Structure formats: C-alpha cells, structure tokens
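The structure appears right after this line, and notes come after that.
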Amino acid sequence: MKISFYPESTRQNKYSEIITSLLKGKGVKIYSLSYVFSGFAAFKKVKVVHLNWYENLNEPTRFAVFSVFFKRMMKLIALRVFGKKVIWTMHNKMPHDKSMMFFKKTLLYALVKLSNTIIIHSRVSEVILRKISKSAFAKIRYIPHPDYIGVYGDIELSFDHSTGSKVLKLLFLGAVKPYKNIELLIDVISQFDHDVFLTIAGQPQNVDYQDLLVNYAKNNVNVHLDLKFIPDEKLPFYIAQCDLLVMPYDMRSSLNSGSVILAFSYKKTVICPRIGTILDMQNQENILSYTYTSDLEHFDALTEVISRAVEMKKTTNDIFEEYGERIYNDVVIQNNKDKVIRLLMAEYDKF
C-alpha cells in the first residue's frame, strides 16, 4: 500500500512519527505531500492522502498566510478532481491562533466538505462536525488517539513521597503558547503561597512571549520557569517530578490533547478542562477536570480544582500516584497503539 501522510513529523509532537512508524512496520509505503506534487509520476503513486492539521496557517505575515492558504486549497481540490481519496483527522475545534481566521475556517470547511473520510479522536467531535455540515456524519470514523507509552523512554520513578512534603507539585509541559492560558495559570498559582509549586517547562512561541512570561512571573516565588526546548529523553524525568500535570486549555478551540495522553502514558493524571480527550476516558474519577464559559469562570474553576488537589494531597500524600496508575491502565487498553493502527489500516483498505 502506498499513501501520503501530512505532516510526516513535527518537532513539537511525536503523533505523526508514531503513526507513520507503525504504518511502515505494516508494510505501508509513505510519501510526503510535497513529493506527491513534485511531478506526474509521483502523483500517480498514491491513492490515499491523509491530512493532519492541514487547516493550521501559522505563517508570520498576512501575505504568507494567504499564499499558503491558496496553495493548500488548490492541492486539496486537485486531489479530489484527480480521484485521490482524502482522509482528514480532526484535531481541534478551530485553529488556536485566531489571526486571519477567515482563511483558516474556509480551509477547515473545505476539508469537511471534500474529505472522503474524517477521523475523530473524541466522540464530541461528531457534534461539532454536524454543525458545520450535516452530510459529514456519514464520513466520520472514530479511532482513539494513540498512547505514548515508551515513546520518550521508560517511565521514571516518581520523587520520594517518604519526605512527607505536602507541597502540591504541578507541571505545565509542552510548547508555551498564548492559547494555553499560561498567564491565567500563573495568576491562579499566586494565590496559594507555599502550598503549591508550579514548573512551566517548554519552548515559548517567540522571544516576545518569553519576555512577557518572565516579567509576569518574576515576583511569584512558587513558579519556576524552564523556558527552553525540552529534549525527548528528558520528558520522563520532568513528568516524574510532579504530582499532576496542569493544562488550562482554551475550550473554544481545544478538542484533543496529545499532552493529556502523554501524561497518562507516563502514569500521571492531569488538571484539565473537559475537552474531548477527557470526556472520552472511561474512568474520569481519576482526572481532576473542570469546565467554564468565560475567562473569569476559568480563573475560579481552576482555583477551585487546585484547592481541592492541595487538600487531597494533605490528606493522602501519594493519592495522585494511585490516580496515575489507574489512568495508565485505562490508556493501555483504550488508546493501544496497535489497535489504533489496525483501525487506521482498515480505513485505508477501503480505498
């Protein structure tokens, strides 16, 4: 079988690398989208083109956004006109970056309309897609998000609870971007004095945003900024040092979260809004989730859930280790990589 998979890899996320590596292990020949459009002979080689995050237009200028938008639209139309089968995986409700949203929405709606198959990683995606196009329902196939077990190395032992420390250690890990509500998180943590210690680890979107965060947190003694790219081999160490990962996502755009699955895959549970990934977990009592409808509500809801976590740790020091073990056991079954690839291969085989 020969397919095109876009993108084959990204620096910030091993999702594509996991999928393509396992597909290659099943004998699938994978070509980049740029190769497919490099000439007639290359174009003829593939029948299936699988797109991920295709609607994201993150170029630095308005002209660059329009240019990439136009090229992607032309490629999408060409794929369908010449009989290629297009599979699109829906990762977000909408692109997180709200600039030039007209072009991003237009591209997203075109993907919904022109794709032969739409893969979703969370059940709530069906509701969102129906609002965009009633005809999309027949194209939808649910396949769980793959786990990250072993992807970044072995699970490391958590820090020693025998010291009796009652400080709640929180970790924000990943690309540091405005839609992830980092400033709001810092504001919430500032209320807790020495009961909570937060580490923010990851590479900022740009130098300006890094400077903003450094200034924002400079008087907050219980916030540690580790604003740099975290190498893959270091991720298990960072994860092992915390009680919980905290992910105060923007519910207007967030739908699936590989970072949530990553935490679960390394035996840590999370504080996170009730986005699609959270809602799909079978045993949600092992997750500290919340919801909100405004920035003010978000502040209050996040404050409440962190307060609850502080009290839970004071009562039972290793309670979140127990939560992490249980949610890990759920992911082993629910998000099993082999199952994901088997379901994906079944979709490819239809064409």
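Just so you know, all these numbers are worked out from the coordinates, no wet-lab data involved. No experiment lies behind these values; they were computed from the predicted model shown. Ideal geometry is used to build each Cβ from the backbone, glycine not excepted, and the neighbour counts take in all protein chains shown.
Counting each DSSP H run of 4 or more residues in the chain as -39500 (n - 2.57), what helix-only mean residue ellipticity at 222 nm follows after dividing by all residues, to the nearest 500 deg cm²/dmol? It comes out at -13000 deg cm²/dmol, rounded to the nearest 500.
When only the Cβ of Lys, Arg, Asp and Glu is charged (+1, +1, -1, -1), the dipole of the chain relative to its Cα centre reaches about 2700 debye.
Remark: relative contact order (the chain) = 16 percent; criterion is Cα-Cα distance under 8 angstrom and separation of 6 or more residues. Filter the cross-link list K93/K169; K169/K268; K177/K228; K14/K113 down to pairs whose alpha-carbon distance in this structure exceeds 22 Å. In this structure, K93/K169; K14/K113 exceed 22 Å between Cα atoms. Taking 22 Å as R0, compute the FRET efficiency from the Cβ-Cβ separation of E59 and D295 and round it to 0.05. About 0.20, to the nearest 0.05.
Kindly provide the chymotrypsin sites (Phe, Trp or Tyr not before Pro) of the stretch 110-152 that DSSP labels as loop, not H, G, I, E or B, and whose Cβ sees at most 11 other Cβ atoms within 10 Å. Filter output for the stretch 110-152: empty list. Each residue of the stretch 241-256 was assigned a 3J(HN,Hα) from its phi angle through the Karplus curve 6.51 cos²θ - 1.76 cosθ + 1.60 (θ = phi - 60°); the sequence is 7, 10, 7, 9, 8, 10, 9, x, 5, 7, 6, 6, 10, 6, 9, 10 Hz, with glycine and proline shown as x. So if I take the centroid of the Cα atoms in the stretch 52-83 and the same for the stretch 257-305, what is the distance between those two points in Å? Distance between centres, Cα-based: 32 Å. When each of the peptides 176-186, 264-274 is scored by how many other beta carbons lie within 10 Å of its residues on average, the order from highest to lowest is 264-274, 176-186. Sorted on the mean count of surrounding Cβ atoms within 10 Å across their residues, most packed first, peptides 44-53, 125-134 read 44-53, 125-134.
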